[in-house]
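This report refers to the structure that appears directly beneath it.
The values are calculated or read from the model by the stated rules, or taken from the named source; none is laboratory data. Note that the structure is predicted; figures quoted are calculated from it, not measured. Methodologically, a virtual Cβ is constructed for each residue, glycine included, from the backbone with ideal geometry; neighbour enumeration extends over all protein chains shown.
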Amino acid sequence: MAPLRKPKLAVWKFASCDGCQLSLLDCEDEILALADTIDIAHFPEFSRRVTRGRYDLSLVEGSITTTHDRTRIQDIRRRSKKLVTIGACATAGGIQALRNGRNLTEFISVVYAHPEYIDALATSTPISDHVKVDFELRGCPIDKAQLLETILAFLHGRRPSISTTSVCTECKARGTVCIMTAKGAPCLGPVTHAGCGAICPAYDRACYGCFGPMESPNTTSLAKQWSALGAPRDQIARAFSTFNVAAPAFEKTARAHADKDN
């Protein structure tokens, strides 16, 4: 009897810092256990071994920033049964999306000695702007427990059991006093996707939104609350203009406060 074929896993990198791939490597014992049940067919940060062909699951880190990126992600999509984006760069354009809406030519001329060699798109965009994405795993970086759950879910043909609520629910779960209520500190927790375990509020620091927008975030209402707490418009604009600046809800609120006089 022929041995059962192991499902093939591929991990791909685009414009990013590699932090989300490192989250997978940080699984250590878990990834060794996974290696017994799946074929890690393409993961250059893990092994030089590459198995070509179609992949059962592709994990994609990073945003699309060049014409080559755009062509490459389309090829990866064609060769992947399921495609999951991991991290803020892949799901929301990343911190490099701060250039969106600005003069890219001017930036390139200042930074590079030979601008004519640079082939960059005017914007940094999430993977979903270019190909169909089966699931988005948020975070900067992603949470390794959520990553393992996502991999196992897709390999077993089910939807990942990932909470879509806000960081506030995680604060309540660990008994952390609300930073905004108790100290009047502007916090992005009410509109930020759960997944970090509310680490920052637990250490008396307001959430700064590294997991991006939760499902149906009311960023307009939160911005009004920040204003009531005394936060100036430029502070609100900056708060929504970090890792997930190109996420529509965050981008809209950031622009609404940056485009007016402070």
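The table below gives the values:
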| quantity | calculated |
| --- | --- |
| Filter pass, C196 being outside any helix (DSSP H, G or I), buried (at least 22 other Cβ atoms within 10 Å of the Cβ) and more than 18 Å from the chain's Cα centre (by Cα) | no |
| Lone unmet requirement of (1) touching a helix residue (DSSP H, G or I) at 6+ places or on another chain (Cβ under 9 Å); (2) closer than 30 Å to T242 by Cα; (3) of a type in the set (D, E, K, R) for D56 | (2) |
| Condition met for D234 (of a type in the set (D, E) and not in a helix (DSSP H, G or I)) | no |
| So C187, is it under 16 Å from I142 (Cβ atoms), part of a loop (DSSP other than H, G, I, E, B) and not assigned by TED's automatic domain parsing to the domain that holds S124 | no |
| Of the criteria (1) in contact with a Ser or Thr (Cβ under 7 Å, 6 or more places away or on another chain); (2) at pLDDT below 95; (3) not in a helix (DSSP H, G or I), which one F211 fails | (2) |
| Of all residues making up the stretch 174-193, the number that are at pLDDT below 95 and of a type in the set (G, A, S) | 3 |
| Residues of the stretch 166-176 classified as part of a loop (DSSP other than H, G, I, E, B) and in contact (Cβ under 8 Å) with a residue 12 or more places away in the chain, total | 2 |
| H257 in contact with a helix residue (DSSP H, G or I) (Cβ under 7 Å, 6 or more places away or on another chain), farther than 21 Å from C140 by Cβ and not acidic (D, E) | yes |
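Residue-wise test of (1) in a loop (DSSP other than H, G, I, E, B); (2) out of contact with any His (no Cβ under 6 Å at 6 or more places or on another chain); (3) surrounded by fewer than 21 Cβ atoms within 10 Å (Cβ to Cβ); (4) of a type in the set (S, T, Y).
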position: E136; (1), (2), (3), (4): no, yes, yes, no
position: I151; (1), (2), (3), (4): no, yes, no, no
position: T164; (1), (2), (3), (4): yes, yes, yes, yes
position: A206; (1), (2), (3), (4): yes, yes, yes, no
position: S227; (1), (2), (3), (4): no, yes, yes, yes
